[in-house]
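Values in this text are rule-based calculations from the coordinates and carry no lab data. Bear in mind that the values here come from a model prediction, so they are computed numbers and not experimental data. Every residue, glycine among them, receives a Cβ derived from its backbone with ideal geometry; neighbour counts consider all protein chains shown.
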Amino acid sequence: MTASNEYAKVGEFKPMDLLAAAAAREVRDGDVVFAGTGLPMLAITLAQNEHAPNAACIYEAGSIDGRPIDLPTSVGDARCAYQAAKAGGLFETFYGQLHAGYVDLGFLGGAEIDKYGSLNTTYVGTHANPKQRFTGSGGNADILSFARRTVLIMVQEKRRFSERLEYVTSPGWMVRNWPNPEYVPKKEVYGKYCYGGPTACITDMAIFRFDENGIMYLDTVHPGFSAEDVKKNVDFDLDISRCRGETLPPTYKQLEILYNVVDPEGIFLP
Amino acid sequence: MGSIKQLSLQEAVALIQDGDCLAFSGFTIWRRPTAMCYEILRQGKKNLHLFEVQGGFHSEVLVGGGAVRLWEGSWMGQEILGKTGVNLSRKQVAGEVIVDDLSHGHAVGRIMAGAVNIPFFPTALAMGTDILNPEYDGFAKAGLRTGAYPKIPKEKYVKYKDPFYDMGELLLMPAIKPDWGLVYAPMVGDEGTVRVLAQSYNDADVIKACDKVIVIAEEIVPDEYLRRDPTANIATGYEIDYVVVCPWAAHPTGSQYYYDTDADFLRNFNATTRTQDGFDKFAEEWIYGVKDHWEYLEKLGVKRLETLRASQATGYSSRVKRGTR
């Protein structure tokens, strides 16, 4: 690698590059990461090529710590399993890895998010009259419930940052212990199985984190956006008092890795 | 020495009755028994109950074609090739398919319990979510949890306090034992041993959980060959019931070491079948308008199929253009 660790200037990177770099910074060396298709794949692969060479990646279809030489486009892809330590199935990933307590970090997205970091990936509308169905949980609910830390990747829109989710697919820091409809801390429901929860949310405008009460606050804004811009695109009362300033741009070295090593085919980085 | 009972695609599908509960091999857009699903529509099956750890192209086809009444599973879509299952979405909104949502962990536990013949599977995954909201229990709301339906448990789940190690409250998820397992495998031995060539997904569990299993394979190979490496096999011959041989049977989903997913086909399916009219046009062109699977393959053409053919070194195609560079 010849490129430097200096930060690229505005205009020298695309929005997707900044998101990939920001998501990669959430990966710690040695983490066991449960990742999905798209931006999470870019982030974990970038991190492995830079500051986290000992991070291991699990893809839910069954590959454990693969070393893909070509970027996968699906978590069931043979590319995920190339040089994997082992390849099994979903019982291995969801029970042998996740329920067993090995997973440090998850990456997830959703159609809607609330201030506790709960996600909706199921439908909008009511149960009797759904307006639009999305994918459903897949592993979303499982990963958010059991990973020690989870990074949520969202599009910043007022209707997506909701005061109240139409369907809670995946549990944030406050949940309902059905059949009781009251919100209670996650710990009360999960007990000894409460390993953690959502720790960051990365959008196209900002990065959010969660305070000691499990409530989302604004941490940094991406270059070109203000805290007020972000607040206008959130439906709940957002705490912006702890905003630290601007999100760090990608470094030249990160850009070189992203375009030459991680995604040279231009699958997720056009 | 074991043996296999080989059927034609048409004969195998004719065994499935209206209203039966089906489960499938594969994962999203990989190793799905697509040719069997096309034939299910050609034979006009109705009111099927699908249990899916997660759905994909094969079940979007069954749902879009009006063969499905009940769908339970955790997910429906084509991954990045079409982010939601547009046919299930349309049918759920229209009230034509009754949907009951699970998480992956819940569905995996249920099929595993069915596979090993235990009535339930304990799990702490996905607690505190609307998946467990009694008001959102689709099958209960439809009056199906009465005990009168053998493939539908009387409760969606039960909470149970660990009596052994004080781990607190967990969920007990009911086993599922579908009527039919429709399983795509690249290779089946002449004594019925089944091999897959990559991640095993839930295929072995589906084979054991289902009352009857039809394996649709690219080819039958000598069992002697598969038995040189028993660790690579997922099922023994006595766990399966029927074998259908059908090359490219998983297209447009992928089969590692045989062919890649047909991304253009899947993307186009997702983009054009949002409406019923769009689905009907797709089905007329690719399902009802071809007389059998061979005509389907001829319509796809040699160039398309050869582009998808997987490298024997990596298990996937090096000829597919995947990105913009």
Distance (nanometres) between label positions extended 7 Å along Cα→Cβ at residue B:221 and residue B:294 = 2.5
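Could you please report the charge total around residue B:86, scoring K, R as +1 and D, E as -1 over all other residues with beta-carbon less than 11 angstrom from its beta-carbon?
+4
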inquiry  = Give the separation of the Cα centroids, the range B:38-55 to the range B:124-184, in Å.
reply    = 22
remark   = Taking Cα pairs closer than 8 Å and at least 6 residues apart, the relative contact order of the range A:107-261 in percent is 23
Where only alpha carbons of the protein assembly as shown are counted, the Rg and the Dmax (Å) = 23.4, 74
remark   = With the label point 7 Å along the Cα-to-beta-carbon line of residue A:192 and a cut-off under 12 Å to each amide N, the hits in the range B:120-163 are B:162-163
query = With point charges of +1 on the Cβ of Lys and Arg and -1 on the Cβ of Asp and Glu, referenced to the Cα centre of chain A, which listed residue (A:116, A:96, A:167) lies farthest in the positive direction of the dipole?
reply = A:167
query = Counting each DSSP H run of 4 or more residues in the protein assembly as shown as -39500 (n - 2.57), what helix-only mean residue ellipticity at 222 nm follows after dividing by all residues, to the nearest 500 deg cm²/dmol?
reply = -6000 deg cm²/dmol
task = Mind checking B:198-207 for the average number of partner chain beta-carbons within 10 Å of each residue's beta-carbon?
result = 6
request  = Using DSSP, restrict attention to beta bridges with both residues in the range B:9-245 and report what percent are antiparallel, rounded to the nearest 5.
outcome  = 30
message = What FRET efficiency comes out for residue B:275 versus residue B:46 if R0 is 22 angstrom and r is the Cβ-Cβ distance? Round to the nearest 0.05.
response = 0.55
ask   = Considering only DSSP beta bridges with both partners in chain A, what is the antiparallel share in %, to the nearest 5?
value = 55
note = In debye to the nearest 20, the charge dipole size for the range B:9-245, taken about the Cα centre with +1 at each Lys and Arg Cβ and -1 at each Asp and Glu Cβ, equals 560
note = Rounded to the nearest 5, the percent of DSSP beta bridges in the protein assembly as shown running antiparallel is 45
query = Relative contact order for chain B: what is it in percent, counting Cα pairs under 8 Å that are at least 6 residues apart?
reply = 20
request  = Decide, for the range B:9-245, between rounded, prolate and oblate: order the square roots of the alpha carbon gyration tensor eigenvalues as a ≥ b ≥ c, take rounded if a/c falls under 1.5, and otherwise choose prolate if a/b is larger than b/c, else oblate.
outcome  = oblate
key: Relative contact order %, chain A, counting alpha carbon pairs below 8 Å whose residues are six or more apart   = 21
